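Inspection log for the structure reproduced underneath, given as structure tokens.
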Amino acid sequence: MITRLRGELIEAGGTWLTVDLSGFGVRVLCTPTTAGSARLGERVDLHTSLVVREDSLTLYGFGSADERDLFELAQSASGIGPRIALAIVSVFSPGEFGSAVLAGNTAAITKVPGIGAKGAAKLVLELKDKVAGFASRSTAGGSSTTGAQEWRDQVRAGLEGLGYSTRDAEAACDRVAELVVGDPDISVAVLLRAALRSLAK
């Protein structure tokens with residue numbers, strides 16, 4: 001099991017990073033927030049989870065061990081695979097998700113792309129006894145601040161990586177642009193979550 005990865009970032013996309021490990025490039029799928037906080041040429045330190053399938057080995061990377069643990073816990077629920085588990089970590093911090101499950105807040109959980117009302121109710125039922133540790137943890141966190149066009153590119157790419165169309169992603173970026181005007185130092189993580197909430201309405 002590969003649980004941690006450290007190396008120089010040599011490529012990046014909206015939902016993936018390529019890390020150079022002494023000349024060996026490893027692509028890691030990640031949340032838009034994690035991708036947005038990384039910088040080319042700098043060292044990255046990722047907590048990882050390896051998903052093994054018959055025809056593939058896919059490595060997922062996270063900015064914290066809590067995010068990785070939530071990603072793995074989510075997949076223990078029936079019907080939840082890596083794609084939706086990654087979307088859960090993209091929409092919620094571990095603390096936020098734990099609190100939503102304990103409160104039975106299915107409306108909040110349906111904001112995750114790919115989870116409907118029935119799926120949210122099932123998640124609450126199956127994970128309620130497993131998320132107490134997450135709910136007690138801090139919900140703080142976020143990526144570094146970015147320039148005007150850069151935040152828009154990162155949020156759009158992140159939304160597209162979660163399955164939204166370019167048109168919907170651009171519209172969501174338009175709706176959250178006023179947040180940047182009000183707070184130029186706002187993080188990409190906050191903007192992405194606001195964009196996801198606007199799409200869920």
statement: Those residues of segment 148-169 which are more than 17 Å from the chain's Cα centre (by Cα) and surrounded by 16 or more Cβ atoms within 10 Å (Cβ to Cβ) amount to 168
- request: Go through (1) farther than 20 Å from residue 85 by Cα; (2) modelled with pLDDT of 80 or more one by one and return the number of the condition residue 190 breaks.
  value: (1)
task: Name the one entry in 86, 46, 59, 50 that is crowded, with 23+ Cβ neighbours inside 10 Å and more than 25 Å from residue 166 (Cα to Cα).
output: 46
- prompt: Going by the structure shown, is residue 95 among the small types (Gly, Ala, Ser), at pLDDT below 90 and in a helix (DSSP H, G or I)?
  reply: yes
- prompt: Got at least one residue in segment 33-45 being in a strand (DSSP E or B), closer than 20 Å to residue 85 by Cα and over 18 Å from the mean Cα position of the chain (by Cα)?
  reply: no
message: Which count do you get for residues in segment 62-76 that are of a type in the set (A, V, I, L, M, F, W, C), within 21 Å of residue 163 (Cα to Cα) and surrounded by fewer than 20 Cβ atoms within 10 Å (Cβ to Cβ)?
response: 0
message: So the check is Cβ under 7 Å with 6+ separation or different chains; which pairs have a first residue in segment 63-75 that's under 12 Å from residue 98 (Cα atoms) and a second one that's among the basic types (Lys, Arg)?
response: 66/137; 73/130
field: Hits in segment 176-201 - residues which are of a type in the set (D, E, K, R) and surrounded by 15 or more Cβ atoms within 10 Å (Cβ to Cβ)
entry: 193, 197
message: Yes or no: segment 98-113 includes at least one residue that is crowded, with 22+ Cβ neighbours inside 10 Å, touching a residue at least 24 places away in the same chain (Cβ under 8 Å), in contact with a Cys (Cβ under 9 Å, 6 or more places away or on another chain) and part of a loop (DSSP other than H, G, I, E, B).
response: no
- prompt: Looking at (1) in a helix (DSSP H, G or I); (2) under 25 Å from residue 151 (Cβ atoms), can you tell me which one residue 60 breaks?
  reply: (1)
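The values are calculated or read from the model by the stated rules, or taken from the named source; none is laboratory data. Please read all numbers here as calculations on a predicted model, not as lab measurements. All Cβ positions, even for glycine, are placed from backbone atoms using ideal geometry, and neighbour counts span all protein chains on display.
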